[in-house]
Each structure stands twice: as structure tokens, then as C-alpha cells.
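This report concerns only the one structure given below.
The numbers here are math on the coordinates, done by the rules we state, and not lab data. Everything numeric here is computed off the predicted structure, so don't read it as measured data. Cβ atoms come from the backbone with ideal geometry, glycine included; neighbour counts cover every protein chain shown.
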Amino acid sequence: MSNKKYFISGGGTGGHIYPAFTVVEKLLKEEDTEKIYYIGNPDNLEYDICKNYPQVEFLPVSVSGMPRKLSLAMPKWAVQFFFAFLKARSYLKKYNPDAIFTTGGYVSAPIVTAAISMKRPYMIHDCDSVPGLVSKMAAPKANIVSIAFESSKKVLKSKNIICNGNPVREAFFTVTKQDARNKLNIPQDKKVIFAMGGSQGAKTINSAMVNILKTLSEDMGMYVILQTGKKKYDEVIIDLETVYPEYKKNNNIMIRPYFDEMVYPLKASDMVIARAGSLSLTEILQCRLASILIPYPYAAQDHQRKNAKEMCEKGVSLYLEDADCNGENLLEKVKQMNDDETLNRMRLCCEELAKSNPTDEIVKQLKSIIK
């Protein structure tokens, strides 16, 4: 069995980076993996995350997102991209990978362009219901195009397109609800709701939750987990001390800036309040959670709103606009799904949509393109 070398790329945002590193983790466990190289921008999050994987070598490319409008910034970007493309070609010549895998974003554009120019085998995965510009450019020449949402098939041009779902870490298949609640010291008999706005937090979700924490935890007897976002934790606590000063005595509330291992609060929960980024939606499906989705209104190409509406059409979520996200409206949505019949129906819909093990399938397909 000959050993394999891989180039992995994807960056700019967590929605591109985390799925790429999930594939990295799986490849590292494969017996025939000799070496993995991660191509990314050294000024971005992917560089920091790569430090957690000493077996993976980081190959830097200096590239930024293409300006969306014609301006004086366009020539500067074109020069930057050309040198990034040359750098990517030099990496291909020097390290000669057996296959290339990218999850999109502007960071992956140089290596995809280089792969096309040198006729190297590559596979792309697009995480969103609205594919990005790089995915649209790369799809026609890709050996395999993997997607997370069926609706992407309408946009991407490829003779070999497969709906795998987004790759998720192995822990989402092994950690049980009981394990997660034990880990977080949450009673096994409580109904648990988890509100999150991503690592940066969501001000509208935080504000609405501050106003209904007492009702949810005391009047409705639920256990409430609130992830505020690292930079918004202090302001949430200040607001809580004004609105609900007794919150510290309430054993049904857990407030954290951020969870490094999201599998635990998600697996511990019965329902979730969240944005509608593709990675969050994949994890919600894998955890079989009823959800209230409040899409970020300024997401690129409005993809979060489209993601959320697709989930609602499939019966797994309720929808709330960010502009309408106040305590009263959010509480009404919680009450709409807070009965066993509704929760079970939404869980069954998650069961139908969730893929059995997307990461395994993606890695099998990646190996299949090796010449």
C-alpha cells in the first residue's frame, strides 16, 4: 500500500476552515497517509488552528478576497493573486501531492487555479446552500464536487456532484446525551435549551435571551445554556445584573463566553437557538435537535437566510428574522416547539436529513481521485 500525500485548503471563515480540518483529522487516522500539507493565509484563523496539528505542515499563501466592485483595489488584488498562484504552483512541483481537497473560500483559489493549470486531481466541498465564487469557478474541472445541500446542484456545473452533507467530527457520533450532560453537570431529567451565536456571539440573540432567561428557567423549568461569544460575555453579564439580578442563584442556567468543544452543549440539549451557518446546521442535524434559526442578515449572498429557509421547509426548524428577535417573539417560538409531539416530529425530520457519516464518505471519494 503506497503512502499518500494530500494538500488541504480552505479559509477566511470558520465555515470553510473547520470542515477542512475535520477531513484532516480523518486522514491522519488513515494508515496510508504519509503527509498532509495545509495551504492557507498565515494571517487567518486557519494558521492558528493548524498549530494544534503538529503532523500537518502549513504552507502559506498571501491572498485576500477579490473586490466585488471595480475599483483601484482590483489591480492590487490581481497582482497579489498572481503571486499567490505562482506560489501554489511551486508547492505542487516541490511536494507533488497525490490529491488536493478544498472547502472553498478565497484562500483556496490559488491552489485550485494551480491544480487546473497543472492538471492535478482535486476535489472540492461546498458547505453552503448558496455556493461561493471559488466553488463555482472550480466545479467544472474538479474530479469530484461534494456538497452539503441538494439545492447547490442547481448552481454548480459538474458531471460528478455528490451530496454528502458537511463533514463533522467523530465525537458527534460517539458522545451520547448522557455523556454530555455528565460532562457539563446538567441534570439528566431536565429539558435543555441551548442558545448560541457563534464564537463572536450574536447581540440580538443575547439581548433576547437576557430578557427571557428567568421565564425559561423558573416559570418553564428548563435548563438554559447561553453561549454569549467571547467579546460579548461582559456586556451580557452587565445586562443580566440589571434585568435579572438573582440569576446567580439559579441552578438552571449556564452562561459561557464560548465552548471549545461544541459537541457537549449540543448533545446535552433538546432544542437550540442559533444562527444559520452551514456548519451549525450540520451539527444540529447530527444531534437531532429541534431548532429556532435566526439568520445573520449580512452574510455573503444572504446564504444564512437561504440555509434557514431550506431547513424550515424540511420541518426541522422554526424561523425568526434577526430584526424581529426580541424577548417576546423568541419566547413565543420556544413555546411553539416546547411540547413532546413537536419535538419528536422535528427530531424525526433531522433523522431523515442527517447523513450517516459525511467525513468517511468524503475521504473515500478523495482517495478515489488519486491516479
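What is the range 190-304 by shape, rounded, prolate or oblate, if you read a ≥ b ≥ c off the alpha carbon gyration tensor as root eigenvalues and call it rounded for a/c under 1.5, prolate for a/b larger than b/c, and oblate otherwise? Intermediate results must be reported in sequence, preceding the final value.
On the way: a/c = 1.89, a/b = 1.33, b/c = 1.42.
Oblate is the answer for the range 190-304, as a/c is 1.5 or above yet b/c matches or exceeds a/b.
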Enter the Cα centre distance for the pair the range 193-214 and the range 113-188, rounded to the nearest angstrom.
27 Å
Report the Cα centroid-to-centroid distance between the range 59-103 and the range 323-360 in angstrom, as an integer.
40 Å
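Give the order of Thr33, Thr103 when sorted by the count of other beta carbons within 10 angstrom, beginning with the fewest.
On the way: Thr33 19, Thr103 30.
Neighbour counts put them in this order, fewest first: Thr33, Thr103.
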Simple spin-label estimate for Tyr258 and Tyr53 in nanometres, 7 Å along Cα-Cβ
1.9 nm
Helix 109-118: angle to the longest alpha-carbon principal axis of the chain, degrees 0 to 90, nearest 10?
30 degrees
Environment charge at Gln188 (Cβ cut-off 14 Å; Lys +1, Arg +1, Asp -1, Glu -1)
+3
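Suppose every Lys and Arg Cβ carries +1 and every Asp and Glu Cβ carries -1, with no other charges. What dipole size does the range 261-348 come out with about its Cα centre, to the nearest 20 debye? Mind showing how you got there, number by number?
Details: 11 positive and 14 negative charges, 57 e Å.
Its charge dipole is roughly 280 debye.
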Let me check against my output: what whole-number percent is the relative contact order of the range 171-353, with C-alpha pairs under 8 Å and at least 6 apart?
23 percent
Using a 7 Å offset from the Cα along the Cα-to-Cβ direction at both Lys157 and Met118, what is the distance between the two label points in nm, to one decimal?
2.6 nm
Hey, what angle do you get for helix 358-368 against the long axis of the chain, alpha-carbon based, 0 to 90 degrees rounded to 10?
10 degrees
FRET efficiency, Glu328 to Asp360 (Cβ-Cβ, R0 35 Å, nearest 0.05):
0.20
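Enumerate by residue number the trypsin sites (Lys or Arg not before Pro) in the range 148-177 meeting two conditions: DSSP loop (anything except H, G, I, E, B), and at most 14 other Cβ atoms within 10 Å of the site's Cβ. Could the numbers behind the result be given before it?
Numbers: sites: Lys153, Lys154, Lys157, Lys159, Arg169, Lys177; in loops: Lys157, Lys159, Arg169.
For trypsin sites (Lys or Arg not before Pro) across the range 148-177 that sit outside H, G, I, E and B with at most 14 neighbouring Cβ atoms in 10 Å, the list reads Lys157, Lys159.
With the cut-off at 1.5 for a/c, could you classify the chain from its C-alpha gyration tensor as rounded, prolate or oblate?
Details: a/c = 1.99, a/b = 1.77, b/c = 1.12.
Prolate, since a/c reaches 1.5 and a/b exceeds b/c.
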Over 28 Å between Cα atoms, which of Lys314/Lys371; Lys159/Lys306; Lys35/Lys371; Lys119/Lys306; Lys69/Lys154; Lys177/Lys314 qualify?
Lys314/Lys371; Lys119/Lys306
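For a quick check of your reading of the filter: which trypsin sites (Lys or Arg not before Pro) in the range 197-286 sit in a DSSP loop and have no more than 14 other Cβ atoms within 10 Å?
Values: sites: Lys203, Lys214, Lys230, Lys231, Lys232, Lys248, Lys249, Lys267, Arg275; in loops: Lys230, Lys231, Lys232, Arg275.
Listed in order of number, the matching sites are Lys230, Lys231.
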Could you work out which residue, out of Ser108, Ser62, Ser280, moves most in a Gaussian network model of the chain, that is, has the largest mean-square fluctuation with Cα springs under 10 Å?
Ser62
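Scan the range 44-76 for trypsin sites (Lys or Arg not before Pro) in coil per DSSP, keeping those whose Cβ has at most 12 other Cβ atoms within 10 Å, and list them by number.
Details: sites: Lys51, Arg68, Lys69, Lys76; in loops: Lys51, Arg68, Lys69.
Within the range 44-76, the qualifying trypsin sites (Lys or Arg not before Pro) (loop, at most 12 other Cβ atoms within 10 Å) are Lys51, Arg68, Lys69.
Would you tally the net charge around Lys157, using a Cβ to Cβ cut-off of less than 15 Å, leaving Lys157 out, and scoring K and R as +1, D and E as -1?
On the way: positive: Lys136, Lys141, Lys153, Lys154, Lys159; negative: Asp126.
It works out to a net charge of +4.
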Label-point separation in nm, Asp340 to Thr174, each point 7 Å along Cα→Cβ:
3.3 nm
Does anyone have the angle between helix 73-95 and the longest principal axis of the chain? Alpha-carbon axes, 0 to 90°, nearest 10?
70 degrees
